[in-house]
Amino acid sequence: MNQYHYHNSKKKRKDPLGIVLALLLLAVAILLIVYFVRSKSPASPETGDQPALSQQTTTDPQASSSETPSRPLPSTEVQTTPVTTAAPTTGPATDENAWKLLLVNADHPLPEGFTVELKALRNGHHVDERIYPELQQMFDDARSAGIYPLINESFRTAERQQQILDKYIAKYEAAGMSHDDAVTKALTIVAVPGTSEHQLGLALDIIAEYDSDNNPTWNWLQQNCWRYGFILRYPKGKEEITGIDYEPWHFRYVGVPTAEEITESGLCLEEYLEKLNH
Ligand SMILES: [Zn+2]
C-alpha cells in the first residue's frame, strides 16, 4: 500500500511533469504542424497572390517607369481595337456607302485609279459584283410579275465609252455636221469617258419593247426598283441638274435605304447628295 502509495505519489509527482512535458511537446508539435501547414498550404495562394501583387506592384511602381511597356500594351490594344473598329466604322462604313453613292457626272469624273470587281452575267453583261444578288432578285421578281427586262448596257470600260462617243460623232459628221458640232451634239447623248455612270458597274440600261412612258417593263422597274436598291437615275424634270435627258431605261444602284429615300422624295441623286452633305 505504501509502495503503492509511494508509487502512486511518485507517479502523481511524475505525472504533472510528464503532462507539462507532453503538453509542451504537443504544443511544439502543434506549432510545428501549424507552421508547416501554414507555410505550405498558403504557399500556393500566396504564391498566386504574391506574383499578382508583386506584378501589380511591379507594374504600378514600374508604371511610373515601366508604364511605357505595361500600359501602352493594353492601351495600344484598347486603342487599336476602338481605332480599328472606329476606323472601319467611320472609314469602311463610310466607304461602304461611298461606293453606292459615288457620284459620276460631267462635273464629277470617276476617281483616279477606280477599279471594280465585276460579276459576269449570263447574257455577257457585267456589273459590280456587290449589286448582283439584288439585281438578280429584281429580275426574278419582275419575271414573276410577267415582266421580262433585258439589259442593253451595263458596265463599260473607258475605251468602250470612247468608242460609243466616237460612233456618235462619226454619225453626226456623216449627216453633214462640222466636227465641233458633231462632238457637241454627241456629248448631249454620250458622256465623256470617265464621266459615265456605266463605268461604275452600277448602272443598267433596260431595253423596252417599245419606247414609251407607259412601257410595262419600265413602269414596273420605275415602281419597284427601289426595293432592290435601284433608282431611275435621270428622271423627267431633272435634266438641268443631272445634265442628262430623261432616260426611262437607265437605272442606277444606290442601295435600298437611299433608293427608298430618293424615290419617296422625288429628288435626283445630285439633289439627294447635296442635301446629305449639308
Ligand atoms: Zn445608261
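A short reminder: the numbers here are calculations on the coordinates, not readings from a lab. The structure presented is a predicted model; accordingly, all values stated were derived computationally and were not measured. Quick reminder, even Gly has a Cβ in these numbers, built from the backbone with ideal geometry, and neighbours come from all protein chains shown.
Sparsely packed loop sites in the stretch 107-209 (the GluC sites (Glu not before Pro) outside DSSP H, G, I, E and B with at most 14 other Cβ atoms within 10 Å) comprise GLU112, GLU117, GLU209. For the residue pairs LYS100/LYS275; LYS119/LYS275; LYS171/LYS236, the C-alpha atoms sit more than 24 angstrom apart in LYS119/LYS275; LYS171/LYS236. As a proxy for reagent exposure, CYS225, CYS268 were ordered by neighbouring Cβ count within 10 angstrom, fewest first; the result is CYS268, CYS225. When ILE207, ILE231, ILE244 are sorted by how many other C-beta atoms sit within 10 angstrom of their C-beta, beginning with the fewest, the order is ILE207, ILE244, ILE231.
In a DSSP loop and with at most 13 other Cβ atoms within 10 Å, the chymotrypsin sites (Phe, Trp or Tyr not before Pro) in the stretch 194-278 are TYR210. For the stretch 119-278, the Kirkwood estimate of hydrodynamic radius, built from reciprocal distances between every pair of different alpha carbons, is 16.6 Å.
Gain on full extension, evaluated as 0.36 nm per residue between GLU260 and GLU96 minus their Cα-Cα distance, stands at 57.3 nm. Potential lengthening of the chain between SER144 and GLN163 amounts to 3.2 nm, from the contour at 0.36 nm per residue minus the alpha-carbon distance.
Counting neighbouring Cβ atoms within 10 Å and putting the fewest first, the residues VAL183, VAL127 line up as VAL183, VAL127.
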